[in-house]
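The values are calculated or read from the model by the stated rules, or taken from the named source; none is laboratory data. This is a predicted model, so every value here is computed, not measured. Here the Cβ is made from the backbone with ideal geometry for all residues, glycine too, and neighbour counts use every protein chain on show. Areas reflect the complete protein model, heavy atoms only, side chains present, ligands, DNA and RNA absent. Shrake-Rupley method; radii C 1.70, N 1.55, O 1.52, S 1.80 Å.
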Amino acid sequence: MTSISGKTSTDWAAFAKALGPVETIEETVRVKKRSRDFFWYSPILDRRLKTCFGDLVARPKSPAEMAQCLSLSARHLVPVTLRGGGTGNYGQSVPMEGGLIIDTTAMGEVLEIGPDFVRVQAGCNILKLNEALKAKGQELPVFPSTQDIATIGGFISGGSAGIGTVSHGMLRDAGNVLEIRALSAEENPREVVFSGDQINMIHHAWGINGVIIELTLRTVPTEDWIGCIATFADYPTCYGAGMALAASDIRRKLCSTLDARIGTYFDRLKGIVREGLPMLVTLIPRGQMDAFRALVAAHGGTVDLEMDEAERLARKLPHAFEFSYNHTTLQALKTDRKVTYLQILCPAPLNVEKIVELQGVLGDDVYMHHEFSLMGGQRVAFDLPLVKYTTDERLYEIMAIYEAHGCPASDPHSCIIEEGGMKKADYRHLAWKKRLDPLGLLNSPKSREWGRVRHLRPEAIEALHQA
Ligand SMILES: Cc1cc2nc3c(=O)[nH]c(=O)nc-3n(C[C@H](O)[C@H](O)[C@H](O)COP(=O)(O)OP(=O)(O)OC[C@H]3O[C@@H](n4cnc5c(N)ncnc54)[C@H](O)[C@@H]3O)c2cc1C
């Protein structure tokens, strides 16, 4: 069997055979399909990653089979890329050096549901997990809008926020993730348990510093959610209503505001939500609908859509949250392949004046979209604007405009972990990479700094964090 990636010299047929009972996928078309994620959201990443493929896919069913995959990879020194649902959008799970893709989706058991926690295998589909929790009157405090496809291990490794962040904070905020069990990528894989402050040593590390096999997560009581969309006369007014909802004691699970031009891409809402107006998209507990309607009315808005789950299913409508977070970009890309997006932080304290100021300096090619969020106890908003793409230079110019107006940009057009939200290396992640991946097999091309520090001891790498 020749190398699909064209980047490795391993005998992949022999490798697959040596994996024994572990299910493998060797067909070129299927391997190539599992080498992709949603990097094509970015024209820059699309150019960079569309020809990167793995060589073989393994689908372990248990921690023991996962250990077998890692052990063989260590013996043959092959690059390893973990993959859950493959919904990441920075090419996080694209195997840039070829090698073995480990698909975790066969390790999907919900192991234990306690009064306010769940213990689950990393490959569990998030929708399946939320359904199991709902049967016990609970749900995840935070989940991504991709729950139908994404895995919980992929979310904790690659994600940071989502539906529920407006009430329950970021994934990294204390108490949301309680324990992570991970394996090292060595001939004799070791299991390491992360808890308390240590959680963030492996959370959001893009699978570069350990293989997550099991997670314990906080759960919260579930609600009878009503998906709502309200419209307003102009974007600053809509944003003001979003600010008020995020600051209110209404137990909203989502609070997103969208520029009127974004709504023009939402074919499924035609005839349901008034066209040409900015939207507030939210999830409200049934018992608090009166308070929500009053808040919208106080801001001069109209609630155009209220749907509970039964009505949503009867009308065959998407979830309200499929008009939020990065689903907004996806809805637009369905009809216009020329749009892309950015990721901007609006720091606390939030105010409508900042939005008016930005409207004055951003061009007609930027359509604002805010996700109101709780981050480290502060009320912030993430702007995920849609951008009518023209050139790479213009994208970076828009980021610079936001930054000049006090709103830091994370670059979603890079597949390098240090160039995204972090902007600098997290040497604690890299110290743990040295401990759990001493051979540098796990998704290493995603770290610019790894090559520089890989020869240092973990303690020396960690010391760089203090510097
Ligand atoms: C339409 C759309 C909407 C989105 N909405 C959100 C959102 O609301 N919030 C958000 O945070 N993100 C969002 N994302 C990004 C992404 O969907 C989420 O981060 C998602 O949860 C990733 O899960 P996954 O199973 O698809 O992971 P994958 O894409 O398969 O993997 C993500 C990263 O985790 C690593 N990984 C996977 N499993 C493991 C494991 N067991 N151990 C170690 N590393 C592992 C991979 O190598 C990769 O680096 C969105 C993306 C799209 C395309």
Give me the Debye-computed log₁₀ of I(q)/I(0) at q = 0.13, 0.16, 0.19 Å⁻¹ for the stretch 12-103, equal point scatterers on Cα only, no solvent, two decimals.
-> -0.40, -0.60, -0.81
Between the stretch 183-223 and the stretch 71-88, what's the alpha-carbon centroid distance in Å?
-> 16 Å
Summarise the accessible area of the stretch 225-410 (1.4 Å probe, protein heavy atoms) by the percent that is carbon and sulfur.
-> 55 percent
Step through the residues of the stretch 75-90 one at a time and calculate ³J(HN,Hα) from phi using the Karplus curve (6.51 cos²θ - 1.76 cosθ + 1.60, θ = phi - 60°), rounding each to whole Hz and writing x for Gly and Pro.
-> 5, 9, 6, 9, x, 10, 10, 7, 9, x, x, x, 9, x, 10, 10
If one computes the Cα centroid of the stretch 269-309 and of the stretch 391-467, what distance in Å separates the two points?
-> 40 Å
Grab the DSSP H runs of the chain that are 4 residues or longer, score each as -39,500 (n - 2.57), total them, divide by all residues and round the 222 nm result to the nearest 500 deg cm²/dmol.
-> -8000 deg cm²/dmol
Potential lengthening between residue 29 and residue 136 on full extension [0.36 nm per residue; Cα-Cα distance subtracted] | 34.5 nm
If you average 1/r over all unlike Cα pairs in the stretch 225-410 and invert the result, what Kirkwood radius do you get in angstrom?
-> 16.6 Å
The chain -> Rg/Rh from Cα coords, Kirkwood Rh, value 0.97
Using mean Cβ contacts within 10 Å as the protection proxy, how do 158-165, 12-19 order, highest first?
-> 158-165, 12-19
Please turn the phi angles of the stretch 387-403 into ³J(HN,Hα) values with the Karplus equation 6.51 cos²θ - 1.76 cosθ + 1.60 (θ = phi - 60°), one per residue in order, whole Hz, x for glycine and proline.
-> 10, 6, 6, 10, 9, 4, 4, 5, 4, 6, 5, 5, 4, 5, 4, 4, 4
Kirkwood Rh for the stretch 1-155 from C-alpha pairs, in Å, is 16.3 Å
How big is the C-alpha Rg of the stretch 343-465 next to the rule-of-thumb value 2.2 N^0.38 Å, as a ratio?
-> 1.31
Evaluated at 10 °C with a viscosity of 1.306 mPa s, what Stokes-Einstein diffusion coefficient in µm²/s does the stretch 206-257 have when Rh comes from the Kirkwood expression over alpha-carbon pairs?
-> 109 µm²/s
Counting only heavy atoms of the protein chains, get the accessible area per residue of the stretch 178-280 (1.4 Å probe) and round it to a whole Å² value.
-> 35 Å²
With the other protein chains left in place, how much accessible area per residue, in square angstrom, belongs to the stretch 45-157 at a 1.4 angstrom probe?
-> 33 Å²
Rounded, prolate or oblate: pick one for the stretch 141-276, where a ≥ b ≥ c are the square roots of the eigenvalues of its C-alpha gyration tensor, a/c under 1.5 means rounded, and failing that, prolate if a/b is larger than b/c, else oblate.
-> prolate
Which of the peptides 181-188, 119-126, 381-388 is most tightly packed, and how do the rest follow, going by the mean number of other Cβ atoms within 10 Å of each residue?
-> 119-126, 381-388, 181-188
